[in-house]
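Step one of this worksheet: look at the structure below.
The values are calculated or read from the model by the stated rules, or taken from the named source; none is laboratory data. Not measured: the values here are computed from a predicted model. FYI the Cβ positions are ideal-geometry reconstructions off the backbone, even for glycines, and counts take in every protein chain you see. Heads up: the accessible areas ignore ligands, DNA and RNA and are worked out on the full protein's heavy atoms, side chains in. Shrake-Rupley method; radii C 1.70, N 1.55, O 1.52, S 1.80 Å.
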Amino acid sequence: MYKASLFSLLALASAVSQAHTTQVLNGYWQYDSYLEQHPAQKQLTDALTDAVRDYPVPVSLTQSKPISISVVYPGQQVSDYWSRNIKAFETRLEKLGIRYSINQVFTRPNVDVRQQSLSLLEAIQNNTDYLIFTLDTTRHRKFIEHVMSSTDTKLILQNITTPVRAWDNHQPFLYVGFDHLHGARLLEEYYKSTVKKDSRYSVLYFSEGYVSYARGDTFIEEMSHHDSYKLSSSFYTEATRESGYKTALQALSSDKDLSFIYACSTDVALGAADALKELNRTDILLNGWGGGTAELDAIANGDLDVTVMRMNDDTGIAMAEAIKWDIEGKQVPVVYSGDFELVTKQDSPIKIEKLKQRAFRYSDL
């Protein structure tokens, strides 16, 4: 009776959550849909994709002065995505012969709100040419709308590839990242091919916001669609390793028969791995999200089973190429998404090394 009631409540909570997610994500163009509905943009995105994969071609114009760039990133994480992104970005700018000055601030996700706000305000007051930021929360969105409506600063939004529908007449300079929905679906395909139907699982979200909706609720929706996988529990975290550890313990305390845990970020995944190791639960599958150095080490050690690996430096290179096009007076696409590869602990060290060479081709220099 208790279990039946519990699963009924979880099903209801999941349905409410997915309805909210649908409402949230309906406010954004999905990456593929946006390009299908905007053929001219698809041509530009395809051209930028080719430029990212090609050797750098130096900027064709002589700059009268260096461009100014401000970067405000939630980079204080175990994940090295953000630091590698900046390294790749600066390396490509230099190879393109672009003169620039850069001011970068790394904050903790969902924590350093005041520091983030002060850094953003300083960038605007200094009339920075390009501001590289992210969009995850309502607070971010309000700031972005202010910048777009009242300044000449060009906004590059990192880690989001789904244009905001309400901004269709005035989009930011560039959305750039790796499509969260595509990554979630790659992991969904892996779990469905690996775990038997009727299995139960738990979802450990990032902090509450767009990334959690796109990575977490998309996954839940896909796992529920025409199949009988059962969501046992889900938890928002503080986007830290410690909170991943605590919520994984909580998930296993409430349901010892989980088949896998779906983690929505590197730090959360590594915390969950700590919990599984402490409990000696080698029977429970666990994924990473992003495939940075820490995750690949965890896969090599057997602490993670699978991850979606971003070809990390693609996005840094794309930002540099977009700025070059802008300096040259060329039109820049609204959105760009880099490539993913699924990596599992069954993959050979040789295969993973080749993927590292491709993903970190600039950030490992």
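For this structure, a couple of remarks:
- Within the chain, the whole DSSP H helices whose Cα atoms reach 24 Å or more along their own axis and whose mean Kyte-Doolittle score is at least 0.0 are 2-25.
- Taking every DSSP bridge with both residues inside the stretch 229-365, close to 55 percent are antiparallel.
- When the solvent-accessible area of the stretch 221-348 is split by element, carbon and sulfur atoms take up 44 percent of it, the probe being 1.4 Å.
- Radius 15 Å from Cβ of Val334, net charge of other residues (Lys, Arg +1; Asp, Glu -1): -3
- Where both bridge residues fall in the chain, DSSP classifies roughly 15% of the beta bridges as antiparallel.
- Secondary-structure-derived ellipticity at 222 nm for the chain, considering helices only, amounts to -15000 deg cm²/dmol, per-run term -39500 (n - 2.57) for DSSP H runs with n ≥ 4.
- Rolling a 1.4 Å probe over the protein chains gives Trp289 an accessible area of about 0 Å².
- Solvent-accessible ranking of Asp54, Asp274, largest area first, probe 1.4 Å: Asp54, Asp274
- Think of a 1.4 Å ball rolled over the protein heavy atoms: the stretch 123-246 then has 40 Å² of accessible area per residue.
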